[in-house]
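Here is the structure we will look at.
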Amino acid sequence: MRKEIVLLLISVVLLPFIVRPAIATEIWIFAMFGLGLNLLLGYTGLLSFGQATFFGSAAYVAGWLLKHYGINVLFALAVGTGVGALSAALVGYLCVQRSGLYFIMLTFALNQFFYFTAYQWTSVTGGEDGMPGIPRPSLLGLDFSKPIVYYAFVSAIFLLSLWAMKRIVEAPLGKILQAIRENEVRAAAVGYDVPRFKLAAFVIGGAFSGAAGVLYAMLFGIVPLEAIGFVFSGNVVFATLIGGSGSLYGPIIGSVVFIWLSESMSTIWARWPMLLGIAFVIVVLFLRGGVVEAWHRFSRLRA
Amino acid sequence: MASLLKTESLSKSFGALAAVAGVSLSIEEGSLHSIIGPNGAGKTTLFNLLTGTFPPTSGEIFLGNQRITGTPAHQVAHLGLARSYQRTTVFPAFSLLDNVWTAAFATRRDWKGLLFKKSSSYDDVQERARQALGDVGLAEKQNHLAREISHGEQRQLELAIALAAAPRVLLLDEPAAGLSPEETRRMVELVRSLKGRYTIVLIEHKMDIIMRVSDRISVMHFGRLIAEGTPAEIQANADVRRAYLGGMAA
């Protein structure tokens, strides 16, 4: 455990020197998004194809408030977290009534519903053009318009959310969610209200997604329509699976791989998503635990 | 002694099939009450009704003086009814300790710290979990994963999960299913050792087990109760013999 934390802290310090600070910032934002998804996917065993709903809703609401009322950054974060949790409560309530394929399709369908609402509501969201002009107001004399300062801020929030997620999954709730993943029938038989716990996973995951959404909007100064679209929902699933959904750190590694590849390769090679496709096929066929499992196998081989 | 678990004309139909038909049963507190019957007699369906897996079509269920008909499964567990399954139903990727921990935590009176307190820091739950594993003789394997132990041990774990909930009534659905003669013998000893500590309702096929451990036996056939009595009475009952012989010949 300690080793992972040290490695992560070193990465946080070094990353902005390896890639552009904006990309480094995006990596940790996406990692937060992945942490939220993984509570559902990895811990509860629920494949949600609608995480962008919470990410995008939070980005729009907080972005709007930042743009028109110039609210405090921390307040914007709090609003985003709340909107993420609330929208997840709504969507989750409907989705947990069903399981399996129907569950997945419901998360997807409701995501589409939110997407088209944003698409049509141009007076607020800007529709296809997105919602531009989102400021990054300074906080306590910290000038967030400097990329590296904003990077430090995002890193701190990311580490804080990782700590919170670690506490949650090591607490009884984490174990109960995993019990539901392992055997839903038995979990109910020993006394857990399964749909309610699934809903809790949704709400917590939504809160993380919401916080990430706000940071994303402030990073790029815009909420693009894609931020609430299903491709975005798919990307976070993709990244998490590549990193390894069985572990707390999987989505973080997945985010590093995914964002770094997409940002660095997209300028060199237009067909770069092929690389992701190949990586995904390898993971599905040979490495169900993603990069994390590859690492474990490698270190066992060395030992 | 007073009856602890009681049903009144309990019925469950799946379409045209009456899986359980008008079963009135009374389980005395502290007794070991077995339910036998040929395959498809409705025994497991009866358990599913008692534990709230699905609601009955008609009839009532009482636990003590409380009417529990239609109470969903997760609430039934909190009322003190715990069950084991005929087909092993554990948490495969969990350690044995985590398996029973999960059951022990569920019936804790309050869930304080659900979100942020370390699972391992609940001393009472930990203690109860170890106790349950000890009771079934799996204490030494507490850190093994449930999917890596033998089938016989999984059957024991199945029982431990039910015990960890500290139930008032223990419903055991064929605890010896698929066990070797040696494992069966151990399971019988185990069930016997639990006798008196819990009120036990036992479904079993193996007649020799039933006759040795039961206080009372109810016989089901095509969803109905056709006989009830002490092991000696049941053995002498002509209807029971016919049901069993008929069941085998069919």
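The values are calculated or read from the model by the stated rules, or taken from the named source; none is laboratory data. Fair warning: this is a prediction, and the values are worked out from it, not measured in the lab. Please note: Cβ atoms are built from the backbone with ideal geometry, for glycine as well, and neighbour counts cover all protein chains shown.
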*Of the conditions (1) at pLDDT below 85; (2) within 14 Å of another protein chain (Cβ to nearest Cβ), B:M207 clears all except one; give me its number.*
(2)
*Report the residue count in the range B:117-154 for those that are farther than 27 Å from B:E204 by Cα and either among the acidic types (D, E) or not in a helix (DSSP H, G or I) (or both).*
11
*Options A:L261, A:L241; residue that is within 18 Å of A:L47 (Cβ to Cβ) and in contact (Cβ under 8 Å) with a residue 12 or more places away in the chain*: A:L241
*Filtered residue count, the range A:149-197, keeping only those that are out of contact with any Ser or Thr (no Cβ under 7 Å at 6 or more places or on another chain), among the hydroxyl-bearing types (S, T, Y) and more than 7 Å from chain B (Cβ to nearest Cβ)*: 2
*Among the residues of the range A:77-95, write down those that are over 13 Å from A:G206 (Cβ atoms) and in contact (Cβ under 8 Å) with a residue 24 or more places away in the chain.*
A:L77, A:V79
*asked:* Checking the condition within 17 Å of A:F75 (Cβ to Cβ) and surrounded by 14 or more Cβ atoms within 10 Å (Cβ to Cβ), which residue from A:V154, A:V169, A:V149 passes?
replied: A:V154
*Applying the selection to the range A:247-285, what residues are part of a helix (DSSP H, G or I), among the aromatic types (F, W, Y) and more than 21 Å from A:T25 (Cα to Cα)?*
A:F280
*Report the residue count in the range B:85-127 for those that are more than 10 Å from every other protein chain (Cβ to nearest Cβ) and touching a Ser or Thr at 6+ places or on another chain (Cβ under 9 Å).*
2
*Given B:L97, B:L115, which one is under 20 Å from B:E158 (Cα atoms) and over 19 Å from the mean Cα position of the chain (by Cα)?*
B:L97
*Output the number of the condition that A:T53 fails; it satisfies all remaining conditions of (1) assigned to a helix (DSSP H, G or I); (2) out of contact with any Ser or Thr (no Cβ under 9 Å at 6 or more places or on another chain).*
(2)
*Of the residues B:L179, B:L194, which single one is closer than 14 Å to B:S34 by Cβ and either out of contact with any strand residue (DSSP E or B) (no Cβ under 9 Å at 6 or more places or on another chain) or in contact (Cβ under 8 Å) with a residue 12 or more places away in the chain (or both)?*
B:L194
_Within the range A:112-130, does at least one residue satisfy the condition of being away from every other protein chain (no Cβ under 14 Å), of a type in the set (V, I, T) and not in a helix (DSSP H, G or I)?_
no
_Here is a list: B:L157, B:L171, B:L190. Which entry is touching a Ser or Thr at 6+ places or on another chain (Cβ under 9 Å) and part of a helix (DSSP H, G or I)?_
B:L157
